[in-house]
Amino acid sequence: MMQSTYPLERDLGMRYYASDAAGTGGKLRSVAEDFIVEEIPPEPKGGTTGPYLICNLTKTNWELQHAVKEIANRLAISHRRIGWAGTKDRNAITRQRISIFNVTAERVSEVRLKDIVLEPIGISNESLLLGDLQGNRFDILIRDTDSTDLAHTVESITKTASEGIPNYFGLQRFGALRPVTHRVGEWILKGNYEQAVLTYVGMVFPGESDSARVVRSEFLESRDIETALHRFPVQLSFERSMLHYLRSHPDDYAGALLELPPKLLSMFVSAFQSYLFNCALSQRFDDGHTMHDPLPGDMLIFANGRTDTATATNLTAVSMHIKRGRCGIALFMPGKEMAAGQVPDATTLSLLEEHHITPSDFERAAKFVRTKFEGAYRPIALRTEIVSSLENNDKDVRLKFTLPPGHYATTVCREFMKADPVKMI
């Protein structure tokens, strides 16, 4: 394995690559067409009657939460009436399904938004919920590589990806330009809603424009809400929503957070869970262990969904199952409650202690955000078969692959590129 040298990745717990091969270098998302994502929907559910209109949503260079908010504005409805199965990349062409409560196909067909296409395809008696998908198909072009032996590098890393790479939560989980989401989540878990708001509104990162960094810094220093509302650009709509609320309800930081869309609010705490997973996985590698060699106590997830536990007496058999792809090792991401047999590993427990987070904190956050935040196991290895090709005089690399829900294409691209993460935004 090879360690990442990039401070941003290391700060988010993404400290290792699976392969020792030199990366391809290059850049993602030079244009939206370089990153195409198509959702694989599950079998239809909810019958063929009901109050929910199911639509295909195709968007180009739109963040999903903002797209949903604008669609809701055009329909003159609350954004809370729109559901979806998965959050897609912003700087990309994405195709997915959304559900809209109590609107007609005719009204939706009248929506006109730049780079957004809405196509009604059916009705249902159930809303789409996060996770209501089989996975996602990706068609990605990495441009302007700088490898001296690109074909060999791509071939080597393609083989590694089929065997398994670290199943990190990708950069967009934390915010591509402003990796702030997990930090806000930590403050929510601690019940410090003031710091959660100040972090989201005022924390500065180098990826943003100079003007955005200036207004954030000024607000953080002065706490002058009226001036901030005059200075914050209109595209920072979520920040402005919280500031508007605070102008009318001084010091009610909990209420300000509740002005955000529920799914965005829940993503803060989920992002902190993701951060814990990334850090625990990298610590496993720090300790000299791999993704494929089980340790006594490791949770095992089989292809058919069955679970088991590695013990000192079955390690040889378990290693064989892992090698043949029949099962994989999983780490537990803690939440407010645990079912029988769900026990965080020692590293995760140490991380929780380091951040002063307890199960009761998750329980309080769950009530505040109205999301369960239950604990869950996540495989530590991501395996996928990749169809790769060289284009444009062998300077660009095209990758086509499919991933299950909750797995990140940028994690795959990162393994190939081994480049500064800002080149993957």
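Each reported figure results from applying straightforward, stated rules to the coordinates on display, with no laboratory input. Quick caveat, the model's predicted, so the values are computed rather than measured. No Cβ is skipped: glycine too gets one built from the backbone with ideal geometry, and neighbour counts run over all protein chains shown.
Relative to the current alpha-carbon distance between Val31 and Asn61, full extension at 0.36 nm per residue lengthens the span by 9.9 nm.
Label-to-label distance, Arg137 versus Lys323, with points set 7 angstrom from Cα along the beta-carbon direction: 3.5 nm. Applying a threshold of 27 Å to the alpha-carbon distances of Lys323/Lys372; Lys88/Lys400; Lys159/Lys423; Lys69/Lys190; Lys114/Lys418; Lys27/Lys88 flags Lys323/Lys372; Lys69/Lys190; Lys114/Lys418 as lying beyond it.
Kirkwood radius, region 106-211, all distinct C-alpha pairs, inverse of mean reciprocal distance: 19.5 Å. Here region 272-379 is assigned +1 on the Cβ of each Lys and Arg and -1 on the Cβ of each Asp and Glu. Its dipole about the Cα centre then comes out at about 540 debye.
Segment Arg213..Asn73, full-extension length gain: 47.6 nm, with 0.36 nm per residue of separation and the alpha-carbon distance subtracted. The distance linking region 286-331 with region 350-425 is 20 Å (Cα centroid to Cα centroid, whole angstrom). Between the C-alpha center of region 1-51 and that of region 87-129 there is a gap of 23 Å.
Label point of Val422 set 7 angstrom out along Cα-Cβ; within region 1-24, amide nitrogens under 14 Å from it belong to 6-9.
Extension gain, Lys159 to Asp287, is 43.6 nm, computed as 0.36 nm per intervening residue step minus the present C-alpha separation. The GluC sites (Glu not before Pro) of region 322-425 meeting both criteria, a DSSP state outside H, G, I, E and B (loop) and at most 14 other C-beta atoms within 10 angstrom of the site's C-beta, are Glu337, Glu385.
A simple packing score, the average count of other Cβ atoms within 10 Å per residue, orders the peptides 158-167, 300-309 as 158-167, 300-309, with the highest score first. What residue among Asn125, Thr371, Thr148 has its Cα farthest toward the positive end of the dipole of the chain, where the charges are +1 on Lys, Arg and -1 on Asp, Glu, each on the Cβ? Value computed over the given set: Asn125. Annotation for region 4-81: trypsin sites (Lys or Arg not before Pro) lying in DSSP loop with at most 14 further Cβ atoms inside 10 Å of their Cβ are Lys45. Estimated from the Cβ-Cβ distance and a Förster radius of 22 angstrom, the FRET efficiency linking Glu110 and Arg80 is about 0.55.
Of all the options Val154, Val215, Val184, the one that moves most in a Gaussian network model of the chain with Cα springs shorter than 10 angstrom is Val215. Size descriptors for the chain, from the alpha-carbon set: Rg then Dmax equal 22.1, 66 Å.
Taking Cα atoms, how many degrees apart are the long axis of helix 210-222 and the longest axis of the chain, rounded to 10 and kept between 0 and 90? Roughly 70 degrees between the two axes.
Proximity of backbone amide H atoms, modeled 1.01 Å from N, is registered between Met333 and Ala376, Tyr377, Arg378 at under 5 Å, excluding neighbours fewer than 5 places apart on the same chain. Rounded to the nearest 500, the helix-only mean residue ellipticity at 222 nm of the chain stands at -11000 deg cm²/dmol, with each DSSP H run of n ≥ 4 adding -39,500 (n - 2.57).
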